[in-house]
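A short worksheet on the structure shown next.
The values are calculated or read from the model by the stated rules, or taken from the named source; none is laboratory data. All figures in this text were calculated on a predicted structure; none of them were measured in a lab. When we count neighbours, we look across all protein chains shown, and the Cβ atoms used for this are built from the backbone with ideal geometry, even at glycine. Protein only, heavy atoms only, side chains kept; ligands, DNA and RNA dropped before computing areas. Shrake-Rupley method; radii C 1.70, N 1.55, O 1.52, S 1.80 Å.
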Amino acid sequence: MKEIFKNIPTIKYEGADSKNPLAFKFYDPDKIVLGKKMSEHLPFAMAWWHNLCATGADMFGRGTADKSFGAKEGTMEHAKAKVDAGFEFMQKLGIKYFCFHDVDLVPEADDIKETNRRLDEISDYILKKMQGTDIKCLWGTANMFSNPRYMNGAGSTNSADVYAFACAQVKKALDITVKLDGRGYVFWGGREGYETLLNTDVAFETENIARLMRMAVDYGRSIGFKGDFYIEPKPKEPMKHQYDFDASTAIGFLKAHGLDKDFKMNIEANHATLAGHSFRHELRISAINGMLGSIDANQGDLLLGWDTDEFPFDVYEATWCMYEVLKAGGLTGGLNFDAKNRRPSYTDEDLFAGYILGMDTFALGLLNAVKLIEDGRLDKAVEDRYSSFRNTKIGSKILNGECSLKELSDYAEKLGKPELPSSGSQEILQNIVNGVLFKK
Ligand code: XLS
Ligand code: CA
Ligand code: CA
């Protein structure tokens, strides 16, 4: 097999003192952290779409990066060249997983039968490529937002024929995911939302989305899919109102439709901040519901109101992410870099540098999270903060469900006036965080 990224060596861990841009400074895959290899704590995945397909085109200009990989774009030769490039890329970086949309893998044909034939051909090719490597599929999904037929959504469309096409795409994407032994299957509600209530029946649309998901679960289980289905919440873009606004909304939807046993969340950092939440908030809400499945590890720009899908660079954010992940007992999914280079970063070196940045940032996040957990003061502060419910008679009675509203009212009247709650001590805690993280 001819080498595609000829100027890029295998990326090695060289430590924090290294000045080599093509080396890991913090990601040391075999380093043991809390009894496990760093690479096991951090199951990184490559996003097929950004890495192998996107050229940096935006609404104001053409792409800047060449992703032809030596083949004519729009052909099956190109689809295979992308597989070759992707596997060389993952092997050089030591990445063990990939994620894909159906139409990232092959050019979509006019007739779905031909698209499906192409998907069979490319998945055979990928399967062969996987043999003899330790690279696996993290999750698959169907792109139900780019084709004009999905202008009004897929599960939420007003057209029964388009709905049937969405089902057909989900079926095939599940077939391919199972064939590649994927750990999960994602529903990002690309255009599942609406622009105006003047033409929209929200109850009808959300019922239909749930129906599609139920059919997907039934079909997936019937062909031996044992992994998790995921919803990836996002509040807006492309639609003005997206139905899976955030983790709370998506979890409520799953519970209301009896889908919560088969689904978990795929939380994307950039979508969390678009929803006006922190990344950490979305992870915590998922975790406390037993639904923290997988993560799209990127970051947005807080000064911009759109989805910029940047490589993670913010070490604090990565620290809080890994703190939540460790507290939740790890991920059943992985950390997928749904991230793209900035448009002026168009070289092969940039492509690798983006992933090196993301992997190093998350390695730092992991190491920092461990330090904070081992320090223990944050845990203790939270525990102490609620101690009145554990250490007083009235508090324990409330927790045990042993008093009525009337009894509590009588208690309050007897007390006359409560003392103020204990201090939140936020500044003290923030300083503890910096003290632990930057200790010399
Ligand atoms: C787009 C989403 C998408 C999903 C998969 O905003 O992040 O890339 O991860 O469809
Ligand atoms: Ca995004
Ligand atoms: Ca995503």
With a point put 7 Å past each Cα toward its Cβ, work out how far Ser387 is from Asn20 in nm, to one decimal.
5.1 nm
Once you place label points 7 Å from the Cα toward the Cβ at Gln91 and Asp110, how far apart are they in nm?
3.9 nm
Less than 15 Å Cβ to Cβ from Thr133, Lys/Arg counted +1 and Asp/Glu -1: what total charge do the surrounding residues give?
+1
Distance (nanometres) between label positions extended 7 Å along Cα→Cβ at Ile428 and Ile288
2.3 nm
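Taking 0.36 nm per residue of sequence separation and subtracting the Cα-Cα distance, how much length would be gained by fully extending the chain between Lys440 and Lys236, in nm to one decimal?
Once the chain is fully extended between Lys440 and Lys236, it gains 69.2 nm.
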Which of the pairs Lys327/Lys380; Lys12/Lys67; Lys80/Lys129 have their Cα atoms more than 18 Å apart in this structure?
Lys12/Lys67
Per the 1/(1 + (r/R0)^6) rule, R0 = 51 Å and r from the Cβ atoms of Ser345 and Arg211, FRET efficiency to 0.05 is 0.75
Largest-first ordering by accessible area, 1.4 Å probe, given options Lys340, Lys255, Lys226
Lys226, Lys255, Lys340
Debye, to nearest 20: dipole size of the stretch 198-278, +1 on Lys, Arg Cβ, -1 on Asp, Glu Cβ:
180 debye
For the Lys417, Lys72 Cβ pair and Förster radius 60 Å, calculated FRET efficiency rounded to 0.05 is 0.15
Ranked highest first by average number of other Cβ atoms within 10 Å, how do 309-321, 94-106 line up?
94-106, 309-321
How much accessible area per residue does the stretch 387-440 have, in Å², with a 1.4 Å probe?
88 Å²
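Leaving out ligands and nucleic acids, and using a 1.4 Å probe, what accessible area per residue does the stretch 194-264 come to in Å²?
49 Å²
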For the chain, modelled as a GNM with alpha-carbon contacts under 10 angstrom, which of Asp181, Asp161, Asp111 fluctuates the most?
Asp111
Over the stretch 365-440, what is the mean sequence separation of C-alpha contacts under 8 Å (at least six apart), divided by residue count, expressed as relative contact order in percent?
44 percent
Among 122-129, 57-64, 385-392, 166-173, what's the highest-first ranking by average C-beta atoms within 10 angstrom per residue?
166-173, 122-129, 385-392, 57-64
For Cα pairs less than 8 Å apart in space and 6+ apart in sequence, what is the mean separation divided by the residue count of the stretch 44-195, i.e. the relative contact order in percent?
22 percent
Counting only protein heavy atoms and using a 1.4 Å probe, what share of the accessible area of the stretch 282-425 belongs to carbon plus sulfur, as a whole percent?
56 percent
If you take every DSSP beta bridge fully contained in the chain, what fraction is antiparallel? Give it as a percent rounded to 5.
15 percent
Helix-only [θ] at 222 nm, the chain, -39500 (n - 2.57) per DSSP H run of 4+, per residue, nearest 500, equals -14000 deg cm²/dmol
With only Lys, Arg, Asp and Glu charged, each at its Cβ (+1 for the first two, -1 for the last two), find how big the charge dipole of the stretch 292-349 is about the Cα centre; round to the nearest 20 debye.
100 debye
Please tell me the relative contact order of the chain in percent, rounded to the nearest whole number, where contacts are Cα pairs under 8 Å and at least six residues apart.
14 percent
Sorted by accessible area with a 1.4 angstrom probe, largest first, how do Met291, Met215 fall?
Met215, Met291
Here FRET efficiency (C-beta to C-beta, Phe5 to Asp181, R₀ 30 Å, nearest 0.05) is 0.70
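With every protein chain left in place, what is the accessible area per residue of the stretch 37-170 in square angstrom, probe 1.4 Å?
The answer is 42 Å² per residue.
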